[in-house]
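The values are calculated or read from the model by the stated rules, or taken from the named source; none is laboratory data. This structure is a prediction, so every number in the text was calculated from the model and none was measured. Positions of Cβ are generated from backbone atoms using ideal geometry, with glycine treated the same way; all protein chains shown enter the neighbour counts. Side chains are part of the model used for accessible areas, which takes the heavy atoms of the whole protein and leaves out ligands, DNA and RNA. Shrake-Rupley method; radii C 1.70, N 1.55, O 1.52, S 1.80 Å.
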Amino acid sequence: MSWSDPRPGRRQMLAALGMPADHLYVSLERNMHCGIAHCGRCQLGPLLLCRDGAVVRWDRAAELMAVRGR
């Protein structure tokens, strides 16, 4: 299992260890085409990963990785 595992069990385990969400960083990957935030292929929610960076804090990434509509 990786640190970026979005399942609740991983978050609960880290919280039990006293690890605050703003101290965890995850790497998000998207296929990029232009690399200069022009085409939008790297967009993940409000982030453009080529412009904003692919490594973000977990407290920001968790809402982007949530599955909606289930």
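Quick notes
- Number of the exception - L24 against (1) at pLDDT below 80; (2) closer than 16 Å to E63 by Cβ: (1)
- The sole residue among A15, A37 that is more than 14 Å from the chain's Cα centre (by Cα) and at pLDDT 75 or above is A37.
- Looking across region 15-54, the residues that are in contact with a strand residue (DSSP E or B) (Cβ under 8 Å, 6 or more places away or on another chain) and open to solvent by less than 90 Å² (accessible area, probe 1.4 Å) come down to A21, D22, L24, V26, S27, L28, A37, G40, C42, L47, L49, A54.
- Close pairs from region 15-28: first among the aromatic types (F, W, Y), partner modelled with pLDDT of 80 or more and part of a strand (DSSP E or B), Cβ under 8 Å, at least 6 apart: Y25/V55; Y25/V56; Y25/R57
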